[in-house]
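Read through the structure below, which is laid out as C-alpha coordinates, and then see the notes.
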Amino acid sequence: MIEELLTNFEVSDVEEAIRKAAAAEIMPRFRQLAAHEIIEKNGPHDLVTTADRLAEEHLTASLTALLPGSVVVGEEAVHADPSVLAALRGDAPVWIVDPVDGTRLFVHGDPGFSTLVTLAQGGESLASFTYGPALDLMAVAVRGRGAVLNGEP
(Lines give C-alpha, C1' and ligand atoms only; values in the text may rest on other atoms or scores of the structure.)
Protein backbone atom coordinates (compact mmCIF):
# COMPACT_ATOMS: atom_id res chain seq x y z
CA MET A 1 0.00 0.00 0.00
CA ILE A 2 2.78 2.46 0.91
CA GLU A 3 4.79 1.65 -2.22
CA GLU A 4 1.67 2.12 -4.37
CA LEU A 5 0.99 5.44 -2.69
CA LEU A 6 4.53 6.63 -3.38
CA THR A 7 4.33 5.47 -7.00
CA ASN A 8 1.25 7.62 -7.61
CA PHE A 9 2.56 10.53 -5.56
CA GLU A 10 3.41 13.71 -7.50
CA VAL A 11 5.92 15.76 -5.54
CA SER A 12 5.55 18.77 -7.84
CA ASP A 13 1.80 18.93 -7.15
CA VAL A 14 2.41 19.07 -3.41
CA GLU A 15 5.11 21.72 -3.84
CA GLU A 16 2.69 23.79 -5.91
CA ALA A 17 -0.06 23.44 -3.30
CA ILE A 18 2.30 24.60 -0.56
CA ARG A 19 3.58 27.52 -2.64
CA LYS A 20 0.01 28.59 -3.47
CA ALA A 21 -1.08 28.47 0.17
CA ALA A 22 1.93 30.56 1.19
CA ALA A 23 1.37 33.06 -1.63
CA ALA A 24 -2.34 33.43 -0.84
CA GLU A 25 -2.39 33.35 2.95
CA ILE A 26 1.07 33.85 4.45
CA MET A 27 3.14 36.25 2.37
CA PRO A 28 0.47 38.98 2.02
CA ARG A 29 0.49 39.15 5.84
CA PHE A 30 4.27 39.00 6.29
CA ARG A 31 5.33 42.27 7.93
CA GLN A 32 1.72 43.44 7.50
CA LEU A 33 -0.05 41.87 10.50
CA ALA A 34 -2.45 44.00 12.49
CA ALA A 35 -2.55 43.51 16.25
CA HIS A 36 -5.93 41.74 16.09
CA GLU A 37 -4.44 39.11 13.74
CA ILE A 38 -2.04 37.85 16.44
CA ILE A 39 -3.33 35.71 19.30
CA GLU A 40 -1.57 34.02 22.22
CA LYS A 41 -2.44 30.31 22.42
CA ASN A 42 -0.76 29.17 25.63
CA GLY A 43 1.23 32.24 26.58
CA PRO A 44 3.27 35.07 25.09
CA HIS A 45 5.72 32.72 23.39
CA ASP A 46 3.06 30.54 21.72
CA LEU A 47 1.43 32.66 19.04
CA VAL A 48 -1.05 32.01 16.27
CA THR A 49 -1.93 34.42 13.50
CA THR A 50 -4.60 34.76 10.88
CA ALA A 51 -1.97 33.54 8.41
CA ASP A 52 -1.52 30.28 10.39
CA ARG A 53 -5.23 29.50 10.41
CA LEU A 54 -5.98 30.47 6.82
CA ALA A 55 -2.90 28.72 5.40
CA GLU A 56 -3.85 25.53 7.26
CA GLU A 57 -7.37 25.71 5.85
CA HIS A 58 -5.96 26.28 2.35
CA LEU A 59 -3.54 23.36 2.68
CA THR A 60 -6.21 21.08 4.11
CA ALA A 61 -8.39 21.62 1.06
CA SER A 62 -5.63 21.34 -1.53
CA LEU A 63 -3.70 18.40 -0.05
CA THR A 64 -6.77 16.22 0.47
CA ALA A 65 -7.84 17.01 -3.11
CA LEU A 66 -4.43 15.81 -4.35
CA LEU A 67 -4.69 12.56 -2.42
CA PRO A 68 -8.33 11.49 -2.08
CA GLY A 69 -8.98 9.57 1.12
CA SER A 70 -6.19 11.35 2.96
CA VAL A 71 -6.72 13.42 6.09
CA VAL A 72 -4.94 16.38 7.64
CA VAL A 73 -3.58 16.75 11.14
CA GLY A 74 -2.80 20.44 11.37
CA GLU A 75 -1.27 22.30 14.28
CA GLU A 76 -4.14 24.74 14.55
CA ALA A 77 -6.82 22.05 14.19
CA VAL A 78 -5.16 20.01 16.94
CA HIS A 79 -5.00 23.07 19.17
CA ALA A 80 -8.74 23.59 18.67
CA ASP A 81 -9.60 19.87 19.02
CA PRO A 82 -6.93 17.47 20.32
CA SER A 83 -8.99 14.48 19.14
CA VAL A 84 -7.79 15.31 15.59
CA LEU A 85 -4.55 13.52 16.55
CA ALA A 86 -6.40 10.20 16.42
CA ALA A 87 -6.09 10.33 12.63
CA LEU A 88 -2.40 9.47 13.05
CA ARG A 89 -3.41 6.02 14.25
CA GLY A 90 -5.81 5.35 11.38
CA ASP A 91 -5.20 3.62 8.06
CA ALA A 92 -5.61 6.67 5.83
CA PRO A 93 -2.63 8.63 4.56
CA VAL A 94 -2.13 11.66 6.82
CA TRP A 95 -0.81 15.09 5.94
CA ILE A 96 0.83 16.61 9.03
CA VAL A 97 0.83 20.38 8.66
CA ASP A 98 2.41 23.26 10.52
CA PRO A 99 1.40 26.19 8.33
CA VAL A 100 3.78 28.74 9.88
CA ASP A 101 6.57 27.09 11.83
CA GLY A 102 8.34 29.87 13.65
CA THR A 103 5.27 32.04 14.13
CA ARG A 104 7.22 34.35 16.48
CA LEU A 105 9.74 34.96 13.69
CA PHE A 106 6.88 35.60 11.27
CA VAL A 107 5.21 38.04 13.67
CA HIS A 108 8.49 39.93 14.15
CA GLY A 109 9.18 40.18 10.41
CA ASP A 110 12.07 37.70 10.38
CA PRO A 111 12.16 35.62 7.15
CA GLY A 112 13.33 32.47 8.98
CA PHE A 113 9.86 30.93 9.34
CA SER A 114 8.67 28.02 7.21
CA THR A 115 5.70 25.92 6.20
CA LEU A 116 6.05 22.24 7.15
CA VAL A 117 4.13 19.41 5.51
CA THR A 118 4.75 15.69 6.01
CA LEU A 119 2.90 12.78 4.44
CA ALA A 120 2.69 9.74 6.68
CA GLN A 121 0.87 6.44 6.72
CA GLY A 122 0.85 3.65 9.25
CA GLY A 123 3.22 5.56 11.50
CA GLU A 124 5.84 5.99 8.76
CA SER A 125 6.94 9.26 7.21
CA LEU A 126 6.80 9.01 3.44
CA ALA A 127 7.58 12.55 2.34
CA SER A 128 8.50 15.83 3.95
CA PHE A 129 8.30 19.37 2.61
CA THR A 130 9.87 22.41 4.26
CA TYR A 131 9.17 25.67 2.48
CA GLY A 132 10.65 29.01 3.47
CA PRO A 133 8.34 31.33 1.54
CA ALA A 134 10.14 34.57 2.43
CA LEU A 135 13.42 33.05 1.15
CA ASP A 136 11.82 30.92 -1.60
CA LEU A 137 13.53 27.75 -0.40
CA MET A 138 11.81 24.37 -0.84
CA ALA A 139 13.39 21.29 0.74
CA VAL A 140 11.79 17.95 -0.15
CA ALA A 141 12.61 14.46 1.04
CA VAL A 142 10.73 11.43 -0.28
CA ARG A 143 11.23 7.91 1.01
CA GLY A 144 13.41 6.03 -1.45
CA ARG A 145 14.03 9.09 -3.61
CA GLY A 146 16.45 11.15 -1.50
CA ALA A 147 16.26 14.83 -0.66
CA VAL A 148 16.54 18.06 -2.64
CA LEU A 149 16.70 21.77 -1.96
CA ASN A 150 15.10 23.79 -4.76
CA GLY A 151 15.41 20.72 -6.98
CA GLU A 152 19.11 20.11 -6.32
CA PRO A 153 20.31 17.04 -4.37
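The values are calculated or read from the model by the stated rules, or taken from the named source; none is laboratory data. In this text, all values refer to a predicted model and were calculated from it rather than measured experimentally. These accessible areas exclude ligands, DNA and RNA; they are computed on the full protein's heavy atoms, side chains included. Shrake-Rupley method; radii C 1.70, N 1.55, O 1.52, S 1.80 Å.
Surface calculation, 1.4 Å probe, protein heavy atoms: Asp110 sits at approximately 60 Å² accessible.
Residue ranking by accessible heavy-atom surface, 1.4 Å probe, largest first, among Glu75, Glu56, Glu10 comes out as Glu10, Glu75, Glu56. Surface exposure of segment 57-121, expressed per residue as accessible area with a 1.4 Å probe, stands at 45 Å². Apolar share of the accessible surface for segment 102-146: 53 percent from carbon plus sulfur atoms, 1.4 Å probe.
Taking amide H atoms as placed 1.01 Å from N in the peptide plane, the amide H of Ala92 has no partner under 5 Å among residues 5 or more positions away or on other chains.
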